[in-house]
Structure formats: C-alpha cells, structure tokens
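The values are calculated or read from the model by the stated rules, or taken from the named source; none is laboratory data. Bear in mind that the values here come from a model prediction, so they are computed numbers and not experimental data. Please note: Cβ atoms are built from the backbone with ideal geometry, for glycine as well, and neighbour counts cover all protein chains shown. Each accessible area value is taken on the protein alone, full model and side chains, heavy atoms only, with ligands, DNA and RNA left out. Shrake-Rupley method; radii C 1.70, N 1.55, O 1.52, S 1.80 Å.
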Amino acid sequence: MIRIYNTLSRTKEPFEPVRPGKVGIYLCGPTVYKPSHIGHMVGPVIFDTIKRYLTYTGYEVTWVVNITDVDDKLIARSREMGIPMQQLAEQMTADYMECLRAVGVDGINHFPRATDHIPDMIQFIEDLIRKGFAYEVEGDVYFEVSKKLDYGKLSRRSLESMQGEGGEGSQRKRSSVDFALWKRSKPGEPSWPSPWGLGRPGWHIECSVMSARLLGETFDIHGGGLDLIFPHHENEIAQSEARYGKPMARYWVHNGLMQDAEAVVKVGGRMSRPITPDDEAEAQVAGKLAGRHGAKSFLLLLKEENLHPEVVRFFILATHYRRPIEFSVQRIREVGTAVEAFYRYFRRFSRITGEDPYRLPVPMRRPDGQFHAGDNPFLQDVADLRNRFLDAMDDDFNTGAALGHLFDLLRRINKYIDETRLEEPANRSQEPIAALRQATITLRELGWIFGVFRKPVEISVQPEDNLVRDLVQLLIDLRTEARKKKDFTTADTIRDRLSKLGIRLEDRPTGTEWSFAK
C-alpha cells in the first residue's frame, strides 16, 4: 500500500485515486523568462520518478506540467532585452525542454501554455463573479478571500497573519488579502479582450483552469515546491473550490528546495534525521537557490563543470523529496564518485558473462520483477533488498532510503562475485552465472524506477581527479612489484595506507582495481 504525505492534512495517507487504476498529476511548471537552473530540475526529476513508480505499480498516469508564458516578470524581462514577450517565452521554453531531456524527464504528457487557455480563464472568472466570490474594479478582477471561510487551510495561516498584494491596485481592493484574477493592461503590454476590458490573467487562475481542463475538477496529486504553498496553491484551492464546490486535489505534495545548507543525507546511506510535519518550510523558502551561484543556467553548469546529467538525477534523488537539497558542485561530484561503483559493476558483469547489462530485459511492472529465489542464499538476499527498496518507495516515495538499498544490493552482488570467484573462467558454471544475471536484472529494474542505467555512462573527471587516479595507479604498480618479490610487508602497508585514505583495493585475476570506499 502506497502512503503519501499530504500537506493539507500534515499526515501520511493511504493512496486512493479518484478513479480506480488512473492517476492525474499536476506539477506547477516554470515562468519562462530566463534560462532554467538546476533548482528548476528538482520538481521534474522527483515527479518523473513518482510517475515511474506509480506506473510500475500498475496505475495509468497522466502528468501535466504547465508553462507560464505571460507574467509581470516576462513583460519586464522582454523590455530589458528589447524583444517581444512571446519570443522570449518561446526561447526560454525551448531551454526548459532541453534541460528536461538532459536529466531524462520524459514522462510528462501535457505542457499546457497559459496563453492558449485565456478564453477558459475568462469563463472561470465570470463564474466566480456570478457566484459572488469575485468582483471587478476599473478593469481588474479580484477574488474576495473573506467569502471563502476555510481560506488558509493549506498553509495554516489566519487572515490576520497574511499580507496582501501591493501595487497600485491594493487601494481598490475590498481587502488587502484579496488576490488578482484578471489584471488590466497598461499601454504597450500584452493584452487580451475580456468583459472587463483589455488585460491578462493573474498567475493563480492559470493553474486552476489548466488542471481542471486536462485532469478534471478533482484530480489526484497536485505538486510543487514548498515555496508555492502560499500564496499560489492556497489561492488555487480557494478559486477552484469556489467554482466547483469540491476539492481541487486529493493529495498536495510539496518538494523541498535546493539551497546552500548542511548535508541532509549520505549517498548510499540512510536519512540523517526524521522529517517533521512542517519540515522547516519557511527556512527553505528563505534560503532557496534562486539568485545564488547555483542559479547559473543548468545547461551551462553541466558543460562548464563536466557534470553528467545522470549523476545530477542521482544527486536530487539521494534526498527524501520533502527535505532541502544542499547544492554545491563538490557535492554533485561526491555523488558521481559514489554512483560510479554501479558503472564499474556493469563493466565487471560484462567481463564475466560476455553480456551487455544494458540489453538485459527490464521488468516494467512490479509483479514482473518477482522471481523464485529457492534455497539460494544470494538470491534470497537480492529478493529481500528488492522488497526493502519497494517498501521505501511505498512509504511516501522515500528515494533517499531506496537509494541506500540500491547500494546495498550492489555491494551484495560484488560480494557474491568475490565469494564464488566468478572472475576466474573456471568457476563460471551455469548456476552462479544465472544467479548473477537475475541480480543484475533486479538492479536494472530498480534503476528504471529512478530513471537511471538507461545507457552506458562515463563520468567526466577534473584534472585534479586525473592526478589522484595516476598516483593511486602508481602505488598499485609498486604494490604489485612488491608482491612479485614476496615483499608482503610493503604490499600490505600500501594497501592499509590507501584504505585509511578511503581507497579500497580489489585483487582479481585480471589485475588490481580500486575504488573510493563508502
């Protein structure tokens, strides 16, 4: 049974879709006025993994990510650049799509654009006015918050604690907390005709309209960053429920933000501390990445720092989605060093079996991945680790814990190879090879849920990394010579000193290999 933490109730709840067997997910997408940075990839990677897991579990999932292509920021930025707003929006949307492709986010079914749904937004606003929830003042239309008695239920804020929108329109509103549904246009600004004159939609109305159009008046999961809980998602709930008289979404799922903070999880390990109900939301919003060094164009970051997109995906998923993510290039490199162990194993598998691990059949559904372990202790361990991985994903999509089990599985497989000495051709009988093959299929199966191990990966290294590798190889060569001369004291000293530095040596028939110990 999958359980999801619902921001609305502040509890984990059993997942029960609106329509049995079908799931609708809406994730708030970008306002396309500048190139996407790595923080913009957090939500898409997380929800791509959530969709993969729900699909793997047997659901038919429809996932929507909107594009906000009309907004005050877009208008201001287009003026700075001296180009039309539409041209800027097209360029930045193309950049966003390229970023998604880079990190393997390919499960989005619909990318609705706000400007394609203006008539629907006008109709929505007219209905709110007719129902008494909205009012027009000199070409602007506002939602009257006091008419929605449970306003604030998502963010747990009282009306007294809220600050309303500023600007010249604040003097015309009935209350400072009322928010804009429609904004009259100033001369030279993009505009659309409406019953209230030329104008453009407010930010919040766009998501209410597009989600209802594509997923229905009540759908399953509404996602977004913690910074969107208030006012954006609070306002979405108010206007959608005012119009339809029913819940907008059954589960509100909010991911933590990428920021400069203390490390919150050890790659290949376990969660460092439990998640509290409110999970430092205010602190995360205050310290989010936007505007800092990490806000560099994502594509430029990948190129300049030689970062592999699959490593970035691991980096994001190494933390439970509700926790903040510590950003630094060094941190991403540390993740790359850790996950390189998987790529070394795949090469090891090829040496032993002669098969390409990337061509093994990958189970796409949960029942298809089950296998009979019999009385084989190794396969029993593999099955147990698979179950632990899936249990972690069932528990609020805990990718951090699941990744720990994936590393455990990798370590168990390598241990099995060492125990059975499968590196030696004479020991490669049918039974151990078949067990190794099954374990590797399971590794690929769980990797598919994470959206990784799709094709061979070579991790780019920095010049200083090459120096470390050359020095380690020099010491390995010296150790090999010492062993040939039966100088085992020197050989053991080299091995032990490297171990203290975090470097593990593995002696195999084909030579000595090394890796960073975890």
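Brief remarks on what is shown
- Test for P20: is it without any contact (Cβ under 8 Å) to a residue 12 or more places away in the chain and farther than 24 Å from W203 by Cβ: yes
- The residue that is nearest to R243 (Cα to Cα), counting only those in the range 149-174 that are at pLDDT 95 or above and either open to solvent by less than 40 Å² (accessible area, probe 1.4 Å) or in contact with a Gly (Cβ under 7 Å, 6 or more places away or on another chain) (or both), is Y151.
- Checked against the criterion of being under 25 Å from the mean Cα position of the chain (by Cα) and of a type in the set (A, V, I, L, M), the candidates A338, A383 yield just one match: A338.
- Tally, over the range 397-447, of residues that are in contact with a Pro (Cβ under 9 Å, 6 or more places away or on another chain), among the acidic types (D, E) and under 18 Å from E513 (Cβ atoms): 2
- Check on V64, under 29 Å from N387 (Cα atoms) and either touching a residue at least 12 places away in the same chain (Cβ under 8 Å) or outside any helix (DSSP H, G or I) (or both): no
- Within the range 473-502, residues that are touching a residue at least 24 places away in the same chain (Cβ under 8 Å) and part of a helix (DSSP H, G or I) reach partners that are open to solvent by 90 Å² or more (accessible area, probe 1.4 Å) and not hydroxyl-bearing (S, T, Y) with beta carbons closer than 8 Å, at six or more positions or on different chains, in the pairs R479/R495; L498/R504.
- Residue in the range 30-37 that is surrounded by fewer than 22 Cβ atoms within 10 Å (Cβ to Cβ) and touching a His at 6+ places or on another chain (Cβ under 9 Å) present: yes
- Selected residue (criterion: nearest to H372 (Cα to Cα)) from residues of the range 406-438 that are free of Cβ contacts under 8 Å to residues at least 24 places away in the same chain and open to solvent by less than 50 Å² (accessible area, probe 1.4 Å): P432
- Applying the condition of being touching a Phe, Trp or Tyr at 6+ places or on another chain (Cβ under 9 Å) and hydrophobic (A, V, I, L, M, F, W, C) to the range 116-136 and asking which residue is farthest from G197 (Cα to Cα) yields F133.
- Residues of the range 306-354 that turn out to be within 29 Å of I433 (Cα to Cα) and of a type in the set (D, E), as a count: 2
- Residues of the range 333-374 that are closer than 17 Å to G451 by Cα and β-branched (V, I, T): V335, V339, V362.
- Among the residues of this structure, I75 does not count as one that is closer than 30 Å to V452 by Cβ and either in contact with an Asp or Glu (Cβ under 9 Å, 6 or more places away or on another chain) or not in a loop (DSSP other than H, G, I, E, B) (or both).
- The range 367-383, residues that are part of a helix (DSSP H, G or I), surrounded by 15 or more Cβ atoms within 10 Å (Cβ to Cβ) and not aromatic (F, W, Y): G369, L379, D381, V382, A383
- Any hit, the range 452-459, residues being at pLDDT 85 or above, loosely packed, with under 12 Cβ neighbours inside 10 Å, under 26 Å from V311 (Cβ atoms) and out of contact with any Lys or Arg (no Cβ under 7 Å at 6 or more places or on another chain): yes
- Of the numbered criteria (1) under 19 Å from D178 (Cβ atoms); (2) surrounded by 18 or more Cβ atoms within 10 Å (Cβ to Cβ), the one S146 fails is (2).
- The condition (being touching a residue at least 40 places away in the same chain (Cβ under 8 Å) and either open to solvent by 50 Å² or more (accessible area, probe 1.4 Å) or of a type outside the set (G, A, S) (or both)) is satisfied by just one residue among D71, D116: D71.
- All conditions but one from (1) assigned to a loop (DSSP other than H, G, I, E, B); (2) within 18 Å of the chain's Cα centre (by Cα) apply to Y26; the one that does not is (1).
- The listed residue being open to solvent by 50 Å² or more (accessible area, probe 1.4 Å), farther than 19 Å from L299 by Cβ and in a helix (DSSP H, G or I), out of Q86, Q91: Q86
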